[in-house]
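Worksheet for the structure shown next.
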Amino acid sequence: MDVFAITHPRSYYYYFSTGRVARMIENDMGVMSRKMEITADYAAESSGGPIFDNKGNIAGIVSLTKSFYYDQSEQKNLQMVIKEAVPVSTIWNLIN
């Protein structure tokens, strides 16, 4: 699924990026623990920003990033950044 993010990383207001849902995760805790990993770019201070689908519906909310380095102990040679979001289904479950 295509997704679009509008975020404010480090005061770059209304930064628009596009991507796709890379995967959906659900651990043993059930519906309240669902997570969505996306390829749209965002960075520090973007938490809470909306993730939209191609119809303009909110698909989720920016949550966090995880950086993977070749040498994780020294944080050298960045290889990959996973961007995690909370899907709207989890948000609805919190409200109801």
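Just a few scattered comments:
- Mean sequence separation of contacting Cα pairs (under 8 Å, at least six apart), scaled by the length of the range 20-96, corresponds to a relative contact order of 29 percent.
- Computed about the Cα centre, the dipole magnitude for the chain is approximately 120 debye when only Lys and Arg (+1) and Asp and Glu (-1) carry charge, each at its Cβ.
- Cα gyration tensor shape for the chain, rounded if a/c is under 1.5, else prolate or oblate: oblate
- Length released on extending from residue 94 to residue 39, taking residue separation times 0.36 nm less the Cα-Cα span: 17.3 nm
- Shown for the chain: the carbon plus sulfur share of the solvent-accessible area, taken with all protein chains present and a 1.4 angstrom probe, equals 53%.
- Solvent-accessible surface of the chain, averaged per residue with a 1.4 angstrom probe and all protein chains in place: 68 square angstrom.
- Those lysines that a straight Cα-Cα span of less than 19 Å connects to residue 76, excepting residues fewer than 8 apart in one chain: 66
The values are calculated or read from the model by the stated rules, or taken from the named source; none is laboratory data. Keep in mind the model is a prediction, meaning the values are calculated, not measured. All Cβ positions, even for glycine, are placed from backbone atoms using ideal geometry, and neighbour counts span all protein chains on display. Each accessible area value is taken on the protein alone, full model and side chains, heavy atoms only, with ligands, DNA and RNA left out. Shrake-Rupley method; radii C 1.70, N 1.55, O 1.52, S 1.80 Å.
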